[in-house]
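The values are calculated or read from the model by the stated rules, or taken from the named source; none is laboratory data. None of the values given here were measured: they were computed from a predicted structure. Ideal geometry is used to build each Cβ from the backbone, glycine not excepted, and the neighbour counts take in all protein chains shown. Please note that ligands, DNA and RNA were not included when accessible areas were found on the heavy atoms of the full protein model with its side chains. Shrake-Rupley method; radii C 1.70, N 1.55, O 1.52, S 1.80 Å.
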Amino acid sequence: MVKKKIAKVLAFRYKLLAAILILLAGGLVLLPKYQKHEGIKPEELLSNVISPERYITTDQVAHKLINRDPSFILIDVRDEKSYANYSLPNAINIPLKKLLEEDSRSYLNQNQFDVILFSNDHFYADQAWILCNRLGFKNIRVLKGGINNWFKTIINPLKPSENMPAEAFDLYTTRKAASMYFGVVYPEQANVAGSETKIEAPKRVITVQKKKKKPAEGGC
Amino acid sequence: MGPLIPNGVIPIEWDSIIAILIGIVFGFVLEASGFSSSRKLAGVFYGYDFAVLKVFFTAAVVSLIGLYYMDYLGYLDITQLYVHPLYLWGAIIGGIIMGAGFVAGGFCPGTSLCAVAIGKIDAFVYVGGIMVGVFIFSELFPILEPIYDGYFYGNITLQDSLGINPYWAVFIFSIIAIVAFVISDIVRKKQKKIFY
């Protein structure tokens, strides 16, 4: 009796399966469509925005440059004209409007180097930072204060007045030494040296491996 | 999240191992469905057995629907999947030759190896024929190269070339599958029963 009942149900099994298939396929058509959200979630972006790691100071960058730290690349997001005029040593120029182009992506979207973005101030660099973060690129930081601050602190450091703490003097000597590294000649030094000795930062060749995102080769 | 290997969830070094595991399962399913019998495979062309059509069409439709649901739910990015490039005339000519071999020998390359594994003599002959074919093709490659590399249309899909909504394409494809199954059943019932 039971067997008969089962047989009765099973007689319809292919029709049943066909109906399920059609239902599922129809479901795909009927499902409400939504805009796919590319990149990281807003909450994650916010936590990146408020993270103190977002910025790097000019002193840290100077330290890295002097020590020839190979683990980072500098990216200048100003336009080509400003870049040709002056830029940090070994910086790569990716103007903000070209940020999303394929050539730029290979520099920005990689796990090999830390990326430090900078502009005159840090506003353009910040905008680039937000865009890159939104796309989920990793290890991207902004030079706090940009090139203006670079000049103020490293190239032309302010001499501390006599009533300032000892740390200020230490910082000043460090910055002064750094500025000499970047080619600034001080009057007292010029008298001694006589000839101009400009130390060029050694040219660095930056090769970025393209992130592996090729589709797997398929076949039958 | 997915696909797992291009997104680095599974390291790329594992792909050969995963390929072997999938190959073993695929071979098992082929053998379990009886596809290592050339008579069963040839049945599609003579109209007495449509298991091949049903199994492969069902597999395609089920995976298609499953993939699109996973894409919808965000587990998989369907744009990252591998799409086989289209070399139009290469595909047409190759398809005709492969089809002729399929009817004549009763195997497709995958099932022939499956049948070799269970010791079918016709399959050994068939695989030998494949090797001869590969040899001839390699020797003639300089002549055939324009067809092999030419008429390239890129990694396109039906949705790209027809410009229709993928979800509708899936739906229409499923309907076609069901209709094909029904028609094949009608054809099979009209045929004389053959024992093999």
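Counting only helices (runs of 4 or more DSSP H) wholly contained in the range A:1-98, the ones carrying 3 or more residues that are within 14 Å of chain B (Cβ to nearest Cβ) occupy A:13-30.
In summary, B:F181 fulfils each of the numbered conditions (1) within 27 Å of B:P6 (Cα to Cα); (2) within 14 Å of chain A (Cβ to nearest Cβ); (3) part of a helix (DSSP H, G or I) with the single exception of condition (1).
Please pick out the residue among A:F72, A:F12 that is of a type in the set (F, W, Y) and touching a residue at least 24 places away in the same chain (Cβ under 8 Å). Steps first, answer last, please.
On the way: A:F12 fails: touching a residue at least 24 places away in the same chain (Cβ under 8 Å).
Result of the check over A:F72, A:F12: A:F72.
Quick check: anything in the range B:175-185 exposed (fewer than 14 other Cβ atoms within 10 Å of the Cβ), under 22 Å from B:R39 (Cα atoms) and acidic (D, E)? Yes, the conditions are met somewhere in the range B:175-185.
For the range B:131-138, the criterion of being under 26 Å from B:V29 (Cβ atoms), touching a helix residue (DSSP H, G or I) at 6+ places or on another chain (Cβ under 9 Å), assigned to a helix (DSSP H, G or I) and open to solvent by 80 Å² or more (accessible area, probe 1.4 Å) is met by none of the residues. Total residues in the range B:28-43 satisfying the condition of being open to solvent by 20 Å² or more (accessible area, probe 1.4 Å), over 13 Å from B:Y196 (Cβ atoms) and assigned to a helix (DSSP H, G or I): the figure is 4.
Within the range A:91-111, the set of residues being more than 17 Å from A:G146 (Cβ to Cβ) and crowded, with 16+ Cβ neighbours inside 10 Å comprises A:S104, A:R105, A:Y107, A:L108, A:N109, A:Q110.
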